[in-house]
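Here's the structure, in structure tokens; my notes come after.
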Amino acid sequence: MGATEPARNRSSLAHQVRYALRYPERVPAHARRALRDALLRMRYRDHISYYRAVMASDTARSAEAAVGHNPSREKWARVGRMQFDYLMRHGLKPQDRMLEIGCGNLRAGRLFIEYLNHGNYYGIDISPHILLSAQDTLVREGLQSKLPYLVLADDLTFAFLPDGHFDVVHAHSVFSHSPRHVIEECFAHVGRILAPGGFFDFTFDRTKGEEHHVLHEDFYYRAETLVELAAQYGLSARLMHDWEQLPHRQSKMRVTAMSEQARTVGS
């Protein structure tokens, strides 16, 4: 089942009651998350610091569980393969230079690193704990000779990266954990680092109703909101309908630099 049915408001009391009645065995885990959220929100005021602490907590239990909240290595690998195969169908080439935002422990990154030319993969993440796990993945997969870049980041301004460098920028399950101001920061700067003809793909949790979040960890947006926000920064965004047919609950958008004519019409 693909991302064909945008989510209801999962933060509503009615939804939470229905969910608890349907899945009573999941209530203790949700209660633990709610308690963690309350404690971390008191300690960390900005979202990056808050979510870095969430990742530290999740990674301490399981690196695979921290990436996608899924403890199964088989499912971890399958979702990574899905991301890789999708970009291969869309023309990814070994000579392309790729930036993966939120590279995690290289669920998909290990496949991109193996396929791309030496040094063409650049992964960033806000969590030092998950980047240490990414190093373990490199060793396990025998990919050290490909010399990928794995870098800790505090924001999405990409200030340390060169202009016009990346043919592909990729972010899977990043905006699904990001408030609007983090997404806007990315849109404000990603166009600068895209090479001519390059594109930026990202997934997000989609809703057709009220935009909302659950425990400051899971954020739900209307597609129209993200299209309009991208346009404010000279970017054209569109839903990738072929992704919707895949067994993944999130939707995917592709962002490219808006043509000069389109920017003129929109101004």
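The values are calculated or read from the model by the stated rules, or taken from the named source; none is laboratory data. Predicted, not measured: the structure shown is a model, and the values here were computed from it. Quick reminder, even Gly has a Cβ in these numbers, built from the backbone with ideal geometry, and neighbours come from all protein chains shown. Keep in mind that these areas ignore ligands, DNA and RNA; they rest on the heavy atoms of the full protein, side chains included. Shrake-Rupley method; radii C 1.70, N 1.55, O 1.52, S 1.80 Å.
Descriptive notes on the structure:
- For the chain, the share of DSSP beta bridges that are antiparallel, to the nearest 5, is 40%.
- With the simple model of a label 7 Å out from the Cα in the direction of the Cβ, LEU35 to ASN117 spans 5.4 nm.
- With R₀ fixed at 41 Å, the C-beta to C-beta distance from TYR44 to ASP242 puts the FRET efficiency at about 0.60.
- By the rule of a C-alpha distance below 16 Å, with chain neighbours fewer than 8 residues away ignored, the lysines paired with LYS146 are LYS93.
- Tensor-based shape of the range 85-222 (alpha-carbon gyration tensor, a/c under 1.5 rounded, otherwise prolate or oblate): prolate
- Those residues of the range 111-130 whose amide nitrogen sits under 14 Å from the label point placed on GLU141, 7 Å along Cα→Cβ: 111-124
- Here the accessible area is traced with a 1.4 Å probe on the protein chains. For the chain, carbon and sulfur cover 54 percent of it.
- Extension reserve of the HIS181-GLN232 stretch, reckoned as 0.36 nm per residue once the Cα distance is removed: 17.0 nm
- With a cut-off of 9 Å between beta carbons, the residues surrounding MET240 carry a summed charge of 0, where Lys and Arg count +1 and Asp and Glu -1.
- Counting only residues at least eight positions apart within a chain, or on another chain, the lysines with an alpha carbon under 22 Å from that of LYS75 are LYS252.
- Charge sum, other residues only, whose C-beta stays under 14 Å from PRO162's C-beta, Lys/Arg counted +1 and Asp/Glu -1: 0
- Here the calculated FRET efficiency for LEU152 and GLU211, from their Cβ-Cβ distance with R0 = 35 Å, stands at 0.75, rounded to the nearest 0.05.
- Probe 1.4 Å, all protein chains present, accessible-area order of TYR44, TYR121, largest first: TYR44, TYR121
- FRET efficiency, THR225 to ASP85 (Cβ-Cβ, R0 41 Å, nearest 0.05): 0.90
- The range 151-267 - share of DSSP beta bridges that are antiparallel (%, nearest 5): 65 percent
- Computed per residue of the chain from DSSP H runs no shorter than four, each worth -39500 (n - 2.57), the mean residue ellipticity at 222 nm is -13000 deg cm²/dmol.
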